[in-house]
Amino acid sequence: EVAKYAVRSLVALGCDDQGTMSEMSQEAVRHVSFGNKLPSALRTLTEVARVCPEAVEKDRETVSKFVRRRLLQGSWPASAGKKERHVVIDSKVQGLKLLTVFSFHDDEGNGKAALELLDEIISNGGEIQSGDGSTPEAERVTLRMTAGSCILKIAKKSTVQSLVSPSVFSTLSRLLEDEERTVKETILHKLYKGIAVGYGKLPFRFA
């Protein structure tokens, strides 16, 4: 959280030029590996990519591959004990958010790939790999909620909202009947906010 708000504070102070953001991006990329610093690194990259996508351009492909192939589809090193589970799930959540922000500036193929991943997570009940069954229930709840929120972010972004097909939005609507109350309430709130609030509003077809 400190990493995230540090970037936002710099932006608010006017330090959002490509040079400053590139320095922060490069420092964060150094910590994109399994370990306790991974969530902070991914949070920093997400914030930098929001305000200055050019600053992460050089390392975007490398970071995306790590998130997709090692963090989300691979397995965390066996040395990670129960005490580190919060780092594991936090890293996966931040990884999904980072891929979502990257999709705003990627070509259409990468944008579709991000949506397919989010759609699959919801369809699998929070499992990133279907039938795996190894993800604890609390983490599946978090991943379902994150996937739903990310789809809504894409739906509100003018550059990529056309990629959200009716079938993807239909999958998202399952979360309104989710067995976990927190998931239902969160997605309902975000849907209402997206439709009713002027800034970043969802197109009428999603209403």
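So for the chain, Kirkwood radius off the Cα pairs, Stokes-Einstein at 20 °C and 1.002 mPa s: how many µm² s⁻¹?
On the way: Rh = 17.6 Å.
Using the Kirkwood radius from Cα pairs, D works out to 122 µm²/s.
So which aspartates and glutamates pass the test for LYS184, namely a Cα distance under 16 Å, with those fewer than 8 places away in the same chain ruled out?
Answer for LYS184, where 16 Å is the Cα cut-off: GLU137, GLU139, listed by chain and number.
Among LYS58/LYS153; LYS58/LYS190; LYS92/LYS201, which pairs are too far apart, with a Cα-Cα distance over 30 Å? List each step's numbers first, then the result.
Numbers: LYS58/LYS153 24 Å; LYS58/LYS190 33 Å; LYS92/LYS201 27 Å.
Result: LYS58/LYS190 exceed 30 Å.
About the Cα centre of the chain, how large is the charge dipole given +1 on each Lys and Arg Cβ and -1 on each Asp and Glu Cβ? Please answer in debye to the nearest 20. Walk me through the numbers before you get to the answer.
Working: 30 positive and 27 negative charges, 61 e Å.
In debye, rounded to 20, the chain gives about 300.
Check the straight Cα-Cα distances from LYS193 and name the aspartates and glutamates below 15 Å, setting aside those fewer than 8 residues away within the same chain.
Candidates past the 8-residue exclusion: GLU185.
What does the accessible area per residue of the chain come to in Å², with a 1.4 Å probe and no ligands, DNA or RNA counted? Provide the component values of the computation, followed by the final result.
Working: 10940 Å² over 207 residues.
With the other protein chains kept in place, the chain gives 53 Å² per residue.
With unit charges on the beta carbon (Lys/Arg positive, Asp/Glu negative), name the residue among THR135, PRO166, LEU176 whose Cα is farthest towards the positive pole of the charge dipole of the chain.
Of THR135, PRO166, LEU176, it is LEU176.
Among VAL88, LEU99, GLY19, which residue has its Cα furthest toward the positive end of the charge dipole of the chain, with +1 on Lys/Arg Cβ and -1 on Asp/Glu Cβ?
About the Cα centre, the residue reaching furthest to the positive side is VAL88.
What value, in deg cm²/dmol to 500, does the helix sum -39500 (n - 2.57) over DSSP H runs of n ≥ 4 give at 222 nm once divided by the residues of the chain?
Numbers: 9 runs with 122 residues, N = 207.
Calculated from helices alone, the mean residue ellipticity at 222 nm is -19000 deg cm²/dmol.
Could you go through region 110-124 in sequence order and give the Karplus-derived ³J(HN,Hα) for each residue, using 6.51 cos²θ - 1.76 cosθ + 1.60 with θ = phi - 60°, rounded to whole Hz, and x for Gly and Pro?
So the Karplus estimates, Gly and Pro as x, are 5, x, 5, 4, 5, 5, 4, 5, 5, 4, 5, 4, 5, 4, 8 Hz.
Roughly to the nearest percent, how much of the accessible area of region 1-119 is carbon and sulfur, given a 1.4 Å probe? Let's see the in-between values first.
Details: 2990 of 6120 Å².
C and S atoms contribute 49 percent here.
Find the centroid of the Cα atoms in region 15-84 and in region 152-207, then give the distance between the two in whole Å.
If we compute the Cα centre of each part, the gap is 26 Å.
Run the 1.4 Å probe and let me know the accessible area of THR44, rounded to the nearest 10 Å².
20 Å²
The values are calculated or read from the model by the stated rules, or taken from the named source; none is laboratory data. Treat the numbers as computed from the prediction; the structure is a model and nothing was measured. Don't worry about glycine lacking a Cβ; one is built from the backbone with ideal geometry, like all the others, and counts go over all protein chains shown. Areas reflect the complete protein model, heavy atoms only, side chains present, ligands, DNA and RNA absent. Shrake-Rupley method; radii C 1.70, N 1.55, O 1.52, S 1.80 Å.
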